[in-house]
Amino acid sequence: MTIRILMVCMGNICRSPTAEAVLRHFVRQHGLGDQVEIDSAGTHGYHVGEAPDSRTQRAAAVRNYDLSQLRARKVAYQDLDYFDLILAMDKNNFDNLQRMATPEQLPKIRLFMEYAKNFDDHEVPDPYYGLGHGFDLVLDMVEDAARGLIGVLQKQVKAGAAASNAERAKAVKNRDSSQV
């Protein structure tokens, strides 16, 4: 069972690539690398193909997150089918994603900060036009929400493994009873 998560901001050069890298780091750290797939995208195509903002990369590097291989891309309609969970960094991008989605896809779209434990904010602020300390705040918020999300993912993976084991046991039982 693989859980696919898409992190989304506006241009995919500050917040969502930071969230992708941080969550990917935590997923590996908690041994979930084989069960969780993470990507990021933007609701606007302003920076498609570009690396994350240099200020974002510097702030992330101080905390040992490497964003250098990431490249901006725009959310595609196929993403709304492919990903199991689509996490917007703010309400504006949340609304943009909801406008793109079919009624069946709407439950997949959430605000990332719903998973935060130490921040009451509903949105990760865009640091692009601000000063350097905004990038550190984004990292603080993203780390907090990612830690909360890891707890949820661990439960989902455990539940998925239990369901798989139950299915295997049922299949073995059916196989054995058909051979009698």
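The values are calculated or read from the model by the stated rules, or taken from the named source; none is laboratory data. Because the structure is a prediction, the values reported are computed rather than measured. Don't worry about glycine lacking a Cβ; one is built from the backbone with ideal geometry, like all the others, and counts go over all protein chains shown. For accessibility, only protein heavy atoms count, side chains too; no ligands or nucleic acids. Shrake-Rupley method; radii C 1.70, N 1.55, O 1.52, S 1.80 Å.
Table for the structure above
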quantity: For the chain, calculated [θ]222 nm from helices alone, where every DSSP H run of n ≥ 4 adds -39500 (n - 2.57); calculated: -16000 deg cm²/dmol
quantity: Pairs of Lys in the chain closer than 19 Å at Cα, counting only those 8 or more apart or on different chains; calculated: 7
quantity: Length-normalised contact order for the chain - Cα pairs under 8 Å, 6+ apart - percent; calculated: 24
quantity: Kirkwood Rh and Cα Rg combined as Rg/Rh, the chain; calculated: 1.07
quantity: Nitroxide proxy distance, nm - points 7 Å out along Cα→Cβ at GLU104 and ALA159; calculated: 2.1
quantity: Carbon plus sulfur fraction of accessible area for segment 9-81, probe 1.4 Å, in percent; calculated: 46
quantity: Rh (Kirkwood; distinct C-alpha pairs) - segment 1-96, Å; calculated: 13.4
quantity: With every protein chain in place, segment 98-148: carbon and sulfur % of accessible area (1.4 Å); calculated: 51
quantity: Whole-Hz ³J(HN,Hα) from phi, Karplus 6.51 cos²θ - 1.76 cosθ + 1.60, for segment 44-50, glycine and proline x; calculated: 10, x, 4, 10, 3, x, 7
quantity: Whole-percent pair-distance distribution, where bins are 5 Å wide, for the alpha carbons of segment 1-51; calculated: 5, 23, 27, 19, 14, 9, 3
quantity: 1.4 Å probe accessible area per residue over the chain, in Å²; calculated: 54
quantity: Exposure rule at most 13 other beta-carbon atoms within 10 Å, DSSP loop chymotrypsin sites (Phe, Trp or Tyr not before Pro): the chain longest free segment; calculated: 47-128
